[in-house]
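Enquirer: My structure is below; once you've seen it, I'll send some questions.
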Amino acid sequence: MHVQDLDYQLFQMINQLGLTMSFLNPLMRFFASYAECVFYLGVIVYWFTRREVNRKMVAEALLSACIGLMISGLLGHFFYRDRPFVVHSVLQLIAHPANSSFPSDHAIGAFVIATAFWVYRRKDGVVWLALAACIAFSRVWTGVHYPTDVLAGGIIGIVSALCVHQLFIRSTIAQKTLMILIDVYEKLENKVWPKPQVKTDQFSTRR
């Protein structure tokens, strides 16, 4: 049996859960269409904690996402694959353009950010990775991706984030460039939104 046949059989098994477990369909629609906004919110919140480590984490996440989505664009161009609802009779629970199915951009975006968060914040990262997995699974459940689409997307996202992190660990130039960019941004930010100064105790005890 070919990989594509196995892929379609697995797709059918997951997609048909929308009929046998229809009470979960609203949740799956949320994961498939809107849960990515939670990642955007996470990026914003971590960035505006104004902690250096969080800003490095967010910068890595965004750079990794750009790389992952560039890879997706190339793969989608050279290995074009129709969406399941284009060539099969499926239970389609969300509207979607009939563009390239492989790989899943949603899976790439979710896993690349989740992995970047996990590298810096292991406990938080596990939660983000679980949310990414729910997004990937829901894209199959709702009929807009095959399992291999989201699997490839997840792998691309994870590998992109890990490679970018290793780049910043191993390359002094990359580290210095990132810190310069963050420093320039923070100087501009402080002009608009001054960072609160930490007050120190002015009194000391003499022995």
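The values are calculated or read from the model by the stated rules, or taken from the named source; none is laboratory data. For clarity, every value in this text was computed on a predicted model and none was experimentally measured. Every residue, glycine among them, receives a Cβ derived from its backbone with ideal geometry; neighbour counts consider all protein chains shown. Heads up: the accessible areas ignore ligands, DNA and RNA and are worked out on the full protein's heavy atoms, side chains in. Shrake-Rupley method; radii C 1.70, N 1.55, O 1.52, S 1.80 Å.
Enquirer: If you average over every viewing direction, what projected area does the convex hull of the Cα atoms of the range 1-40 give, in nm²?
Expert: With the hull built on Cα positions only, its mean projection is 3.7 nm².
Enquirer: Ignoring everything but the protein chains, give the 1.4 Å probe accessible area of Arg83 in square angstrom, nearest 10.
Expert: Counting only protein heavy atoms, Arg83 exposes about 10 Å² to solvent.
Enquirer: How many angstrom lie between the Cα centre of the range 36-69 and the Cα centre of the range 85-108?
Expert: Cα centroid of the range 36-69 versus Cα centroid of the range 85-108: 27 Å apart.
Enquirer: Just the accessible area per residue of the chain, please: how many Å² with a 1.4 Å probe?
Expert: Using a 1.4 Å probe on heavy atoms only, each residue of the chain averages 61 Å².
Enquirer: If Phe102, Phe111 are ordered by their accessible area, calculated over protein heavy atoms with a 1.4 Å probe, which sequence runs from highest to lowest?
Expert: Phe102, Phe111
Enquirer: Around Val192, with a cut-off of 13 angstrom between Cβ atoms, what is the net charge of the other residues, counting Lys and Arg +1 and Asp and Glu -1?
Expert: Summing Lys and Arg as +1 and Asp and Glu as -1 gives +2.
Enquirer: Which distance in Å, rounded to a whole number, links the C-alpha centroids of the range 1-25 and the range 115-134?
Expert: Cα centres, the range 1-25 to the range 115-134: 26 Å.
Enquirer: Extending each Cα 7 Å along its Cβ direction at Val38 and Val192, get the distance between those two points in nm, one decimal.
Expert: Those two pseudo-labels are separated by 2.9 nm.
Enquirer: Got a number for the accessible area of Lys176? Probe 1.4 Å, square angstrom, nearest 10.
Expert: 130 Å²
Enquirer: Sort largest first and round to whole Å: the equivalent ellipsoid semi-axes of the range 104-151, each the square root of five times a Cα gyration tensor eigenvalue.
Expert: Its equivalent ellipsoid spans semi-axes of 22, 9, 6 Å.
Enquirer: Find the Rg to Rh ratio for the range 145-186, where Rh is the Kirkwood radius over alpha-carbon pairs and Rg uses the same atoms.
Expert: 1.25
Enquirer: For the range 1-123, what mean projected area does the convex hull of the alpha carbons give, in nm²?
Expert: So the Cα hull casts an average projection of 9.5 nm².
Enquirer: While we're looking at this one, here's another question. Just read off the accessible area of Trp118 with the full protein assembly in place, 1.4 Å probe, to the nearest 10 Å².
Expert: 80 Å²
Enquirer: Treat the range 73-207 as a sphere of radius equal to its Kirkwood radius over Cα pairs and apply Stokes-Einstein at 10 °C in a medium of 1.306 mPa s; give the translational diffusion coefficient in µm²/s, rounded to a whole number.
Expert: 87 µm²/s
Enquirer: Using a 1.4 Å probe on the protein chains only, how many percent of the accessible area of the range 1-130 belongs to carbon and sulfur?
Expert: C and S fraction of accessible area: 68 percent.
Enquirer: Continuing with this model, one more query. Per 0.36 nm of contour for each residue apart, how much would the distance between Asp7 and Val86 grow if the chain were fully extended, relative to their Cα-Cα spacing?
Expert: 26.9 nm
Enquirer: Roughly speaking, what is the stretch gain from Leu74 to Ile182, that is 0.36 nm per residue apart minus the C-alpha to C-alpha distance, in nm to one decimal?
Expert: Roughly 35.9 nm would be gained on extension.
Enquirer: Continuing with the same structure: What Rg and what Dmax come out for the range 27-81 when only alpha-carbon atoms are used, in angstroms?
Expert: Rg and Dmax of the range 27-81, Cα atoms, are 14.6, 42 Å.
Enquirer: Pick out which of Pro196, Pro97, Pro26 has the largest mean-square fluctuation in a Gaussian network model of the chain, springs linking Cα atoms closer than 10 Å.
Expert: Pro196
Enquirer: For the range 115-187, what size does the Cα cloud have along each of its three principal axes, sorted from largest down, in whole Å?
Expert: That works out to 46, 21, 20 Å along the principal axes.
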